[in-house]
1. Go through A:Leu9, B:Leu280, B:Leu192 and list them by solvent-accessible area, largest first, probe radius 1.4 Å.
2. Apply the Karplus parameterisation 6.51 cos²θ - 1.76 cosθ + 1.60, with θ equal to phi minus 60°, to every residue of the range B:186-195 and state each ³J(HN,Hα) to the nearest whole Hz, in sequence, with x for glycine and proline.
3. Would you mind calculating the relative contact order of chain B from Cα pairs under 8 angstrom and at least 6 residues apart, reporting the percent as a whole number?
4. Quick one: accessible surface of A:Ser314, probe radius 1.4 Å, all protein chains present, in square angstrom to the nearest 10.
5. Which of A:Lys243/A:Lys437; B:Lys111/B:Lys355; A:Lys437/B:Lys199; B:Lys63/B:Lys365 have a Cα-Cα distance over 31 Å?
6. List every residue whose amide H lies under 5 Å from the amide H of B:Leu71, counting only residues 5 or more places away in sequence or on a different chain, with H placed 1.01 Å from N in the peptide plane.
7. For the interface of A with B, what's the total buried accessible surface in square angstrom, probe 1.4 angstrom, rounded to the nearest hundred?
8. Can you tell me what share of the DSSP beta bridges in chain B is antiparallel? A percent to the nearest 5 is fine.
Amino acid sequence: MSKRLTTWLLIILLALIVLTACSSTPKQTIQYEGDSQMQATITVMYSGGLNFFNKDYGDLFRAKYPNIEVKVVTASPWSNIEKVLEEQKPDVLLLSYEDYVKLMDEGKLLDLNNVITDDAFNLEGMNQDIIGFLRQSGGGKLYGLPPYFGNTGLFYNKDLFDKYNIPYPQDGMTWEEVFQLAKRFPVEDGISGFYKNYLGALRYNMEASQGLKTVNPKEMKVTINTESYKKLFGTLLDAYQSKTLEVKDYGEDVYDSFITGKSAMTTESYYYLNNNIYWAKTDRGDDFHLNWDVAAAPVGESNREAAPMFMFYSIYAVNANTSEAQASWELVKFINSEEVAKMKSRTTTHAIPTRTDYMYNPEGKRMEIFYKNINMDWSLNYNRQDKRIPNKFNSAFSNIMNSEFMAASRGEKSVDEALQSIQERGQEELDKQLAEKSVEEGK
Amino acid sequence: MSKQLTKWLAVIMLMSVFLTACSSTKQTIQYEGDSKMQATITVKYSGGEEVFNFEYGNLFRAKYPNIDVKLINNLEDEPDVLLLGFDEYGEFLDEGKLYDLNNVITDEAFKLEGMNQGVIDVLKERGRGKLYGLPPQFSNRALFYNKDLFDKYTIPYPTDGMTWEEVLQLAKRFPIEDGEGGLYTPSLGSLLSNMEEAKDLRRINTKDMKVTVNTDSYKELFETILDASESQALNIFGHDGFAKNDPFITGQSAMAFEYYTYLNNNIYWVKQERGEDFNLNWDVVTAPVDKSNREATPYFFIPTIFAVNAKAQNVQAAWEFVKFVNGEEFATINSRTTTNNIPTRTDYVFNPEGKRMEAFFSNLKMNRTLVSHSYYENIPISFLNAFHGIVESELKAAAVGVKTIDEALVSIEERGQQQLDKQLAEKSVEEGK
């Protein structure tokens, strides 16, 4: 070749090399397993602060990665994530499902697909409904992992059912069927078939089971005046008036009517195990004889195979802007690992491990109901408060419903009159709250 | 004069003497009567004879040996000396039921200026410039802190006029590893109550008996408390109210928010018990406030005002009693040991170690607690306890992440309202009986 051509080729070659080197965007490539002795400092969002974090994960993590310093930013998955990202710039993020989707869409989360699917991680050990759904939300890719999730179960007292020769509740029962079962318990013996600490929670469970919304957020209309709701209200009223349903708030006292064996059933979240059942067992030891088990939370007639109360809690992800991608991934991996799940399986937890094989179940109860039939689209669509509706409205409306319910229960008005009242008062309240909200936002 | 006229004059004279004597509803009293006077006075007091004698009776009898003091419980029996709460004091003076003590109270010998101006101003304001009674003591709270712990970690001491948020920030700076922590509180619920009072947040609208916690102000408050709890700024030590070994006393917590009685019941009590072994290096700053008003004294309170019944049988003796318990002599005697509440004659505060006691009584201002104590009258007492339990359980759920704060607020309001409605219904059934 001519000298000129060679020179040009060399220049081009050099340029290419330089460009390739320089154009390495912050897309650091991470390996599944980095060097456990690696030095790094990372910040993690955690709702419990440093001390809770250390007890939960930090101490164990440090044992494995002695040179990774972990700092904690106290923030919950419910914090204003934009603010946290801007002000604290954490490497490892703790996100609600909504924030996970939002940040993922905005390209603010590190792509973890290559490493998550590594065989060594044993992704199949995590509940596939949940993982599948997350992947679906990410257009086929995973940007984070949830070590826990939430769900509700129907707790029942086997001894009470045996005593009165009533068949145990089954998975896939509707609320009507549950109350029919509850009715068979003799009120005159001081036993209530069903217990709930407050009416609002019970009503909410019943609405969720049928996908009934009391407010249409698109049109901002209260939607109580339907046949379905009338039926729900009627069922509840009948159970309450016949004393089949006991509603009593024990505050923070763990020994409620179900725990003390006065009520045959209750619906509660998985949290009830840690907070009440196992707590009481630890407190009273051998004196605690509750012979309990669980069935799937009651459903709607149209869809008996659903998990209406499924909830995402926190999803761990890595900030796309991190300068410590490998170390951040190590923490996310660690928190979601089999190793940690196994360690935590020795005691009860507040929520259900996504690695469901490691659910704490020393007495061999029907814990599988907590992760059965997780129909994601449906429950995510239903659950959690719709942010378009002012939060103040939610409690105001619930109180309107309670007061009308009580009036009906005392015979002061008919079901129709009560529902009409709820509809009117509810709409008035909603309109008022929306007006106030727009005044506030106008400022 | 004729015999008949003389007779009539005598009758008229006798009658007018008689009438004058009987119609003296407005007996004029002197500042100082004869300390040997013989009289019987009744005092409305519900604390029992033993406590009364210990607090007032024995000392009073030493000075006035011939005044017999009887304790009664019923207002209908028109006691001579009334012990009134601030609201009652206001009502009674409005209705003319209290004897006007202004002439005698202002006597030079009484040294009214030796009584705390803030307290006197509050009473004068209520009485439209006039005084109808006096409190020998009043109540307030302050922030106690452990100087040694602050020094140990090189953290600056708290200052007067700090907000609750600033106090919590300060508390966060203390490490937990060594078992030492920032702020001691018996429960999250009590911290919530304390902060509510400073911010004048009411959890119930008593007009329509509605629980009102699902508001922006409450949300912010719950977030602050939750944050403090999660970052372990708090050292929570629940007890029945009688424990003498709370984390502040044991030197594990750097701060505690307490009533003046904490001195009597805890600090000096333990000091007496343990003597040399008790080395708590404590001091006080003014009670934390809300950022909207750093000058406020939200916890200042007047529990008992001594007054003379307008219908008293023996006004002079009754006044002697009121004068005595509010006098310098009484304050001097009491200054030798700790007292339950702060002496209104604040110069006589028991303070052997020269601590910043003025934190309890400087710049006292009329505040909402004084003005609207009747807020609590219509709320069933059992509701407040139940509500604390509800708040604790919901905050806990939010803390472990199974609920958002918004969800917790909705639940707190729902559960609170359900509980309030239930207790109001029970209360009216009870009262209907």
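1. Values: A:Leu9 85, B:Leu280 25, B:Leu192 0 Å².
The ranking, largest first, comes out as A:Leu9, B:Leu280, B:Leu192.
2. Coupling constants for the range B:186-195: x, 6, 5, x, 6, 5, 4, 4, 4, 5 Hz.
3. Values: 634 pairs, mean separation 107.0, N = 433.
25 percent.
4. 30
5. Values: A:Lys243/A:Lys437 40 Å; B:Lys111/B:Lys355 25 Å; A:Lys437/B:Lys199 23 Å; B:Lys63/B:Lys365 35 Å.
Beyond 31 Å between Cα atoms: A:Lys243/A:Lys437; B:Lys63/B:Lys365.
6. Distant-sequence amide H within range of B:Leu71: B:Val43.
7. Values: alone 22020 and 21810 Å², together 41020 Å².
Interface area, both chains combined: 2800 Å², rounded to the nearest 100.
8. Values: 22 of 36 bridges.
Roughly 60 percent of the beta bridges in chain B run antiparallel, per DSSP.
The values are calculated or read from the model by the stated rules, or taken from the named source; none is laboratory data. Computed from a predicted model, the values in this text were never measured in an experiment. Ideal geometry is used to build each Cβ from the backbone, glycine not excepted, and the neighbour counts take in all protein chains shown. Surface areas here come from the heavy atoms of the whole protein model, side chains and all, with no ligands, DNA or RNA. Shrake-Rupley method; radii C 1.70, N 1.55, O 1.52, S 1.80 Å.
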